[in-house]
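Each reported figure results from applying straightforward, stated rules to the coordinates on display, with no laboratory input. Computed from a prediction, not measured in an experiment: that's the story for all the values here. A quick note on method: Cβ atoms are made from the backbone with ideal geometry, for glycine too, and the neighbour counts reach across all protein chains shown.
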Amino acid sequence: MNGDRYDDDLDDLDPHDPYDDDLSGEEDRGDEEFDAQILEEELRQAAAVLDPVPAELQQIAVDAYALHDLDARVAELTFDSLVDALPVRGLTDVPRMLTFRAGEVTVDVEVTAQGLMGQVLPPQPARIEVLGGPRPGSPLMADDLGRFTGDAPPTGPFALRLRTGGDVVVTEWLRA
């Protein structure tokens, strides 16, 4: 005889069955959850000390959250020359042509090794920010015809934020 059970009853216990009270009772599950919470907190503290989040990455996260503007409309990519255009034989440094649309606003952008060039349609003045990287890009201004240029080509993932009058439009993120 072994405790309250006979030896024959012990043979019927399954060590993987969470409902066999002798092997994994409610008390044990509660202790396991408590231990997991303590372990998780200790791991968070160790990671914060041994492998802290870089300040640049924190700033990118803050900037990305700032994009969460309920008034902003997301401009959908409707044309990308890397996907939609036919390749031209013999040309090596072909600019990338992009078209974004949000409602009545269309943004045509040409991305080259020298920078950005584009136009907001219908033609209107706009303030354009190139989003991406740890440092905010310099704002670009679209003239009365909606034309804008930027001297620095985007590197890595980028998006454009346009402020036209009272509207805010943010393009989809793309890799340069």
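Side notes on the structure shown:
- Taken one residue at a time, the phi angles of the range 149-156 give Karplus couplings (6.51, -1.76, 1.60, θ = phi - 60°) of 9, x, 7, 9, x, x, 10, x Hz. Gly and Pro are set to x.
- Taking amide hydrogens as placed 1.01 Å from N in the peptide plane, the amide H of E172 sits under 5 Å from those of A75, L77, each at least 5 positions away in sequence or on another chain.
- Remark: the E76-R175 segment gains 34.2 nm on full extension, using 0.36 nm per residue and subtracting the alpha carbon distance.
- Simple spin-label estimate for L39 and E129 in nanometres, 7 Å along Cα-Cβ: 4.2 nm
- Remark: the range 95-107, residue by residue, has Karplus-estimated 3J(HN,Hα) of x, 8, 9, 10, 10, 10, 9, 9, x, 8, 8, 10, 10 Hz, where x stands for each Gly or Pro and the curve is 6.51 cos²θ - 1.76 cosθ + 1.60 at θ = phi - 60°.
- Amide H within-cut-off set for Q124, under 5 Å, with H built and near neighbours excluded: G146
- At an R0 of 22 angstrom, the distance between the Cβ atoms of Q114 and V94 translates into a FRET efficiency of 0.95.
- Estimated distance in nm for a label pair at A55 and D151, the labels positioned 7 Å out from Cα along Cα-to-Cβ: 2.6 nm
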